[in-house]
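The values are calculated or read from the model by the stated rules, or taken from the named source; none is laboratory data. Fair warning: this is a prediction, and the values are worked out from it, not measured in the lab. Neighbour counts run over all protein chains shown; Cβ positions are idealised from the backbone, glycine included.
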Amino acid sequence: MQVAFSAEEISRMVGSTASRGATTENIRGLAALTDATTGDLTFLGNAKYKTQVAGTRASLVLLPVGHAGEPSPGQLYVFVENPSVALAQICARLEHALWPKPVAGVHPSASVAPDARIAATATIGPLCVVESGVNIGERVHLQAQVFVGRNASVGEDSWLMPGVVVSAECELGRRVRLQPGVIVGSDGFGYEFSKGRHEKIPQVGIVRIGDDVEIGANSTIDRARFSLTTIGDGTKIDNLVQIGHNVVIGRHCLLCAQIGIAGSSTLEDYVVLGGQAGVAGHIRIGKGTKAGGRAGVTCDLAPGSFVNGTPAIPYMLERRVAVLQPRLPELFKRVGALEEQLLDAKKTSS
Amino acid sequence: MQVAFSAEEISRMVGSTASRGATTENIRGLAALTDATTGDLTFLGNAKYKTQVAGTRASLVLLPVGHAGEPSPGQLYVFVENPSVALAQICARLEHALWPKPVAGVHPSASVAPDARIAATATIGPLCVVESGVNIGERVHLQAQVFVGRNASVGEDSWLMPGVVVSAECELGRRVRLQPGVIVGSDGFGYEFSKGRHEKIPQVGIVRIGDDVEIGANSTIDRARFSLTTIGDGTKIDNLVQIGHNVVIGRHCLLCAQIGIAGSSTLEDYVVLGGQAGVAGHIRIGKGTKAGGRAGVTCDLAPGSFVNGTPAIPYMLERRVAVLQPRLPELFKRVGALEEQLLDAKKTSS
Amino acid sequence: MQVAFSAEEISRMVGSTASRGATTENIRGLAALTDATTGDLTFLGNAKYKTQVAGTRASLVLLPVGHAGEPSPGQLYVFVENPSVALAQICARLEHALWPKPVAGVHPSASVAPDARIAATATIGPLCVVESGVNIGERVHLQAQVFVGRNASVGEDSWLMPGVVVSAECELGRRVRLQPGVIVGSDGFGYEFSKGRHEKIPQVGIVRIGDDVEIGANSTIDRARFSLTTIGDGTKIDNLVQIGHNVVIGRHCLLCAQIGIAGSSTLEDYVVLGGQAGVAGHIRIGKGTKAGGRAGVTCDLAPGSFVNGTPAIPYMLERRVAVLQPRLPELFKRVGALEEQLLDAKKTSS
């Protein structure tokens, strides 16, 4: 990161009024207590790491008010109410440095259809393609090499990173953030088997994405067979996730990396699925359900369910099963021993 | 979708001669019986949803000849032999509206090698790269930002969507459809371990894809170490699927999303694998084999196999095991009880 | 492959001094003993395929010195110390034909910031984007449609294939090879739940990739929340792999296709993970650990571990459990029978 802040700037950012020690270093990096070195800022976010503070080599340490101990030479302690919150404030500032506000306008290398509607405050970066009938809202940022297909729309303040594809007719809400390589509106996987061949069922629906949705790198969202594939407001999706056609995902869900949701399934609001989980087609997962990493959900789940395993079962039960599983060889031996004992007993008694 | 048809146009499309009721709405969307609203077309594709017909708010309902009941005011019933077939006819028409026939020619922003052979009826869209020695067949559509590497060939009527990469020397058949972000011809994963390092084994084979193959968004097909990685005619592959080097996939297979096929394995014709399944390297899966979602196939399978689970076992057996699995805690208790009883019995008898 | 070598050229490449038979064919392909046909070269790499040599239709066969038997008419046997090594030498030559040395310079269709530092020997291919402050080393090859973001750096002799995205500030070592569609530096998946919404935690760290790293097609490597996501020297990663934020991967690891490594986990040097494996967040996997395909690692592993299954347990134990698993229905029956016998015994004795 080519960003540097003076110790005074940091103190001002976090609204600190108390400090101990001094540093002349500019702060050029952030690191954990044990990893930090000269020029780094670090913080005590969790009391259990308290003993690591004395040994850190960071130039600036964010500490809770009242933390005892003395900084090393050339080290500054900055005291705040909540070091984690202070860190978030600094990160937000760093983010603005990392991703400076783009300059509005269409890059001369972009290929934009004459009838596309591009808001005056939007940025169309280099080598983007914007097809006919597209609607690009205020302050939208198509970063570079983005494709937006015929009649698609992108809501205001959205940011589409390099290599994103938004296919024809699809609709993105406001403040949508698509990480690099995301595909929105690929065809659903639908064929009818006839005379020894798989004949394609046309996929003529669209994808509609709500406000404040974020989708991770190289994830794919299929258009509906007809009607809609929907991602609700505030839902966050990680990398390499597959969402099948006609899936409905509610609001404020969290889907970790490499999840697959098969066609026509519904996730109600506030569902959280762990990495590499899978959801079968045509099922409904109730509001607030949680599933562990790798869970394979194969049937409807009531609201508030908490499941794990493949096929997914209640979480606590699955944990008990997982502990017993490796003891199967022992169990087989025990049952064999019982059988022998009974056989011996019979022989004896007969 | 910016497409609208009058009720009369719909009736003509599906060849209907009988109707009941009337609507003045243009049909602007398709939706399920329970989701449809004014301006939508819906249909009764399965008798079990019969009771939903009376309540639908669609402006036009496709119904089987002989269906009883009266349309709501402003609603038109259109009678046909088979509403599902009628719907497919309408979808095909919508598809033509969604994806209008591209205009032949090379977009001025594309980068095309002078010695590439581009058929006169082909379309090379904006910001595509076509390298030296490439062969592009009649009516091929490279939509936008597609890459076709040195000496590769793309058969007639194929459609490569935005962001597709076809690497050097690879060969695509006719009517191949690659969804956005597909990578054909990445290097196989091959290294030899020597002196503490993994030394790369050059991957100098190619990928050969047959006619009528479709590959889903962001899937990856590795080139062979040498010789061929092959996808047979008519095979359909979903999103985020990984095909390793020297894999041979037969004709008319179906591979659902997020499947991985490790190097040098063979799938014979008509194999169907569920989502997130995996196939180990160097094995052969017989003709017509079916594997459930998430199945992990680790050894050869005879033609016509039907398997599930990891490692994959016969489907019906796996279903029985899956039902018993959650009862392991109970089984351990029962065995413990038996052991105690026998111990007691011994004490008593001694 | 449009490459042809005469039999004499092949003999010279592999340093052979002994041969039997003769061919006038130019060698245009490589294939296995049983697949090869006229114009192909084949080899005997493993003694167990010895009997296949007599039947091969290849025009040229690489054989170990001392191999008996006579070539067919029009077939040439070429004798070498080690046919596998000889084949690797030929593959290396073919690779140079497949991927000719790129011509240095910036393609006129590329979009390169005026202040980017591009080494004179580097090649910036068509339709690439190189942002401000970027550092491109000697002989680097950005093949086509590659994106390199603000202040990122790419070490000498690296090769970034079509569609690769290297996001702002990320650092690539020397001789790094990124297959098509790789995303380096997407945001980590981090949110804080507050007032019913997931609020984004800014991801302001970077990705640092060592020397001699190769990453497979469409894989994604997230930037750190702050500080670093690290891939060590010599590590090789296959296609569609997900590496979470703040992950540390050691040197000379092998990660097969579709693996996911959750945030903040550490893999020490020489770790090998099979395809579709998963590693939970915040754990440490000791040096030289091996995990089978599909393994789900959920806790710290000591150096030299060898595990399998989900959750991962020692490999040999998992193999025993996997064999017993399908016998669960039998075990339940046996326990039921024991219970009945004991009940009967009690009845009899009472």
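Restricted to the range C:1-78, the set of strands (runs of 3 or more DSSP E) holding at least 1 residues that are more than 13 Å from every other protein chain (Cβ to nearest Cβ) and among the basic types (Lys, Arg) comprises C:18-21. Among the residues of the range C:141-177, the ones that are at positive phi and surrounded by fewer than 23 Cβ atoms within 10 Å (Cβ to Cβ) come to 3 in all.
Pairing each residue of the range C:204-222 that is away from chain B (no Cβ under 12 Å) with any residue that is of a type in the set (Phe, Trp, Tyr) and part of a loop (DSSP other than H, G, I, E, B), provided the two are 6+ apart or on different chains, yields C-beta distances under 9 Å for C:Val204/C:Phe226; C:Gly205/C:Phe226; C:Asp222/C:Phe189. For the range C:150-181, residues that are under 28 Å from B:Leu240 (Cβ atoms) and in contact with a helix residue (DSSP H, G or I) (Cβ under 9 Å, 6 or more places away or on another chain) total 2. Remark: B:Glu199 matches the filter, which requires a residue to be surrounded by fewer than 24 Cβ atoms within 10 Å (Cβ to Cβ), in contact with a Phe, Trp or Tyr (Cβ under 7 Å, 6 or more places away or on another chain) and under 30 Å from C:Arg251 (Cβ atoms). Restricting attention to the range B:55-96 and to residues that are within 20 Å of B:Leu41 (Cβ to Cβ), out of contact with any strand residue (DSSP E or B) (no Cβ under 9 Å at 6 or more places or on another chain) and of a type in the set (A, V, I, L, M), the residue that is surrounded by the fewest Cβ atoms within 10 Å (Cβ to Cβ) turns out to be B:Val85. Looking at A:Leu60, A:Leu98, A:Leu94, A:Leu142, which is the one that is more than 25 Å from the chain's Cα centre (by Cα) and not aromatic (Phe, Trp, Tyr)? Testing whether each residue is more than 25 Å from the chain's Cα centre (by Cα) and not aromatic (Phe, Trp, Tyr) leaves just A:Leu60. Does the range C:273-319 hold any residues that are polar (S, T, N, Q) and out of contact with any helix residue (DSSP H, G or I) (no Cβ under 6 Å at 6 or more places or on another chain), and which are they? If the condition is that a residue be polar (S, T, N, Q) and out of contact with any helix residue (DSSP H, G or I) (no Cβ under 6 Å at 6 or more places or on another chain), then C:Gln276, C:Thr289, C:Thr298, C:Ser305, C:Thr310 are the ones that fit.
Residue check: B:Gly293 meets all listed conditions (1) facing chain A (nearest Cβ under 10 Å); (2) touching a strand residue (DSSP E or B) at 6+ places or on another chain (Cβ under 9 Å); (3) surrounded by fewer than 23 Cβ atoms within 10 Å (Cβ to Cβ) but one, namely (3). Every listed requirement among (1) assigned to a loop (DSSP other than H, G, I, E, B); (2) within 13 Å of another protein chain (Cβ to nearest Cβ); (3) polar (S, T, N, Q); (4) within 30 Å of B:Gly15 (Cβ to Cβ) is met by B:Ser84 save one, (1).
Working only within the range C:251-269, note down all residues that are charged (D, E, K, R) and in contact (Cβ under 8 Å) with a residue 40 or more places away in the chain.
To start, the set of residues in the range C:251-269 that are charged (D, E, K, R) comprises C:251, C:268-269.
Scanning the range C:251-269 gives a single hit, C:Arg251.
Listed by first and then second residue, the pairs with beta-carbon distance under 7 Å, at least 6 apart or on different chains, first residue in the range A:89-111 and more than 14 Å from chain B (Cβ to nearest Cβ), second at pLDDT 95 or above and surrounded by fewer than 17 Cβ atoms within 10 Å (Cβ to Cβ), are A:Ala104/A:Ala120; A:Ala104/A:Thr121. Condition check for C:Thr310 on (1) over 27 Å from B:Ala312 (Cβ atoms); (2) under 30 Å from the mean Cα position of the chain (by Cα): one failure, at (1). Out of B:Val248, B:Val272, one residue alone is more than 13 Å from chain C (Cβ to nearest Cβ) and free of Cβ contacts under 8 Å to residues at least 24 places away in the same chain. It is B:Val272. For the range C:320-343, residues that are out of contact with any helix residue (DSSP H, G or I) (no Cβ under 9 Å at 6 or more places or on another chain) and more than 10 Å from chain A (Cβ to nearest Cβ) total 3.
Can you tell me which residues in the range B:223-243 are of a type outside the set (A, V, I, L, M, F, W, C), more than 7 Å from every other protein chain (Cβ to nearest Cβ) and buried (at least 24 other Cβ atoms within 10 Å of the Cβ)?
Step one: list which residues in the range B:223-243 are of a type outside the set (A, V, I, L, M, F, W, C), which gives B:223, B:225, B:227, B:229-230, B:232-236, B:238-239, B:242.
Filter again for more than 7 Å from every other protein chain (Cβ to nearest Cβ), leaving B:223, B:225, B:229-230, B:232-233, B:235.
Across the range B:223-243, the qualifying residues are B:Arg223, B:Thr229, B:Thr235.
When restricted to residues that are within 12 Å of B:Gly234 (Cα to Cα) and within 8 Å of chain B (Cβ to nearest Cβ), the range A:178-194 contains 1. For the structure I just gave you, tell me whether A:Arg197 is in contact (Cβ under 8 Å) with a residue 40 or more places away in the chain, basic (Lys, Arg) and either within 7 Å of another protein chain (Cβ to nearest Cβ) or out of contact with any helix residue (DSSP H, G or I) (no Cβ under 6 Å at 6 or more places or on another chain) (or both). So A:Arg197 does not fit the description; no.
The residue that is farthest from the other protein chains (Cβ to nearest Cβ), counting only those in the range B:255-264 that are in a strand (DSSP E or B) and more than 17 Å from A:Asp222 (Cα to Cα), is B:Ile261. How about the range B:148-176: which of its residues are in contact with an Asp or Glu (Cβ under 8 Å, 6 or more places away or on another chain) and within 12 Å of chain A (Cβ to nearest Cβ)? Across the range B:148-176, the qualifying residue is only B:Arg175.
Apart from one condition, B:Gly196 fits all of (1) under 22 Å from the mean Cα position of the chain (by Cα); (2) at positive phi; the exception is (1).
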